[in-house]
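Data block below; observations after.
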C-alpha cells in the first residue's frame, strides 16, 4: 500500500542510490520475447530445402549405419555435431545478442555489490513460500495468466479455422503435410510473440510505475537529503559569515599598504595598490557603507591618500573584484589619480 506522506518526486541522488543497489526498472518478459522473435525471424529466412535438411541428414545416417558399425570413433559423430552446430549456433547467437541489448536498453549496465551480497533469507524455503503466496506473488501469477489466456484463444481459433484441412491432412504427401504444419506453426508462433511483446511493454510500464512509486519521498526526506548533500543551511550560513570575516580582515591588512583609496565619498571606498614592477594597478580592498567607512579610517590612520572620484569609484566597484588588476578602459582615470597622489607626495617631501 502506498505511503500517503510520500508525495514528492525522487531526487537524482535517491535515483543514484537505488541504481547502486541494483534497483533498475526492467521487464523480465521483454528480453525473452525479443530473443524468441529473433529465432523465429532466423527460421523465416531459411528456405524449405534448409528446413528439411534434417531428413537428408537422418537418411544419410541410416545408410551409414546399415553398412558400417557405429562406434564413438565413427565419422557420424562429427557429422552430427557439425550439423547441429550449424543450425544452433546462429539462432543462439541472435537470441543472446537481442536479449542482452534489450536488457541494457531498459536500464544500462549495472553492477551492484550490495545486490550480490550473501543474504541467508534468500535460501529460506519459508521465505520463498511467503513471497509466493503474498499479495505481490499472487499478483504476478495472475498477470502471467493474461497473456496465456490470449495465446490459448489464438490457438483454439487457429485450430477451428484449419480443422477441415487438418481432418484431411492424411491425403497429402509427407513433405506437403509437414510443410503446411510448419507454416501454420510459424504463423501461430509470430502471433504468440506479438502478444507477448505487447504484454512485455505493458509489464515494463507497470514495473516503471511501481519503481517510481517506491522511490517517491516525503518532504522530510527531501529536506534531510538536501542537508546531507548540500549541508545544513545554518552551518553553511555560518561558514559564509566566517569567510566574509576572513576576507575583510585580509582587506584591512591590504589597505595599510595601499597606494591610494578612491571614494565617492560616502558609500564606496576602494583601495588600489601599484608598484613599478606591476603591470597594472590592483584592487586590494573595496567596501560599501559601513565597511567603506572602516576602510577610510584605516587609510587615514596609516597615512594612505584618499581621493574623491565618484565616477571612478562606481566603475571600480561594479567591474573589478578584489585581487584583480584594473581593466584597460580605466587605465587613464586611475593613472590620473595616481599621478595626482604622487605629485602631492612630492610637494610634501620638498617642504
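The values are calculated or read from the model by the stated rules, or taken from the named source; none is laboratory data. All values reported here derive from a predicted model rather than from experimental measurement. Neighbour counts run over all protein chains shown; Cβ positions are idealised from the backbone, glycine included.
Observations, loosely collected:
Every residue, every condition in (1) farther than 18 Å from residue 251 by Cβ; (2) without any contact (Cβ under 8 Å) to a residue 12 or more places away in the chain, yes or no:
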residue	(1), (2)
304	no, no
308	yes, no
319	no, yes
331	yes, no
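- With a requirement of 1 or more residues that are modelled with pLDDT under 70, the helices (runs of 4 or more DSSP H) lying completely within segment 1-120 that satisfy it span 12-20, 48-51, 53-67, 75-107, 113-116.
- Residue 228 being out of contact with any strand residue (DSSP E or B) (no Cβ under 9 Å at 6 or more places or on another chain), part of a helix (DSSP H, G or I) and at pLDDT below 75: yes
- Residue in segment 293-305 that is in the same structural domain as residue 254 (by TED's automatic domain parsing), over 16 Å from residue 257 (Cα atoms) and at pLDDT 85 or above present: yes
- Among the residues of segment 318-329, the one identified as farther than 15 Å from residue 260 by Cα and surrounded by 15 or more Cβ atoms within 10 Å (Cβ to Cβ) is 320.
- Boolean, residue 321 is in the same structural domain as residue 274 (by TED's automatic domain parsing), in a loop (DSSP other than H, G, I, E, B) and over 58 Å from the mean Cα position of the chain (by Cα): no
- Residues considered: 261, 284, 255. Of these, the only one that is closer than 20 Å to residue 343 by Cα, modelled with pLDDT of 85 or more and not in a loop (DSSP other than H, G, I, E, B) is 261.
- Candidates 315, 292, 311, 333, filtered to the one that is over 25 Å from residue 276 (Cβ atoms) and surrounded by 12 or more Cβ atoms within 10 Å (Cβ to Cβ): 292
- Residue count for segment 145-195, restricted to those that are under 27 Å from residue 206 (Cα atoms) and at pLDDT below 75: 0
- Checklist (1) out of contact with any helix residue (DSSP H, G or I) (no Cβ under 7 Å at 6 or more places or on another chain); (2) more than 10 Å from residue 271 (Cα to Cα) applied to residue 282, failing item: (2)
- Whether a residue is over 22 Å from residue 245 (Cα atoms), assigned to a loop (DSSP other than H, G, I, E, B) and over 50 Å from the mean Cα position of the chain (by Cα) was assessed, and residue 303 passes this test.
- Search result, residues across segment 336-349 that are at pLDDT 85 or above and loosely packed, with under 14 Cβ neighbours inside 10 Å: 336, 339
- Residue check, residue 137 out of contact with any strand residue (DSSP E or B) (no Cβ under 8 Å at 6 or more places or on another chain), modelled with pLDDT under 75 and part of a helix (DSSP H, G or I): yes
- In segment 263-274, residue surrounded by the fewest Cβ atoms within 10 Å (Cβ to Cβ) [restricted to those that are within 15 Å of residue 324 (Cβ to Cβ) and touching a residue at least 24 places away in the same chain (Cβ under 8 Å)]: 274
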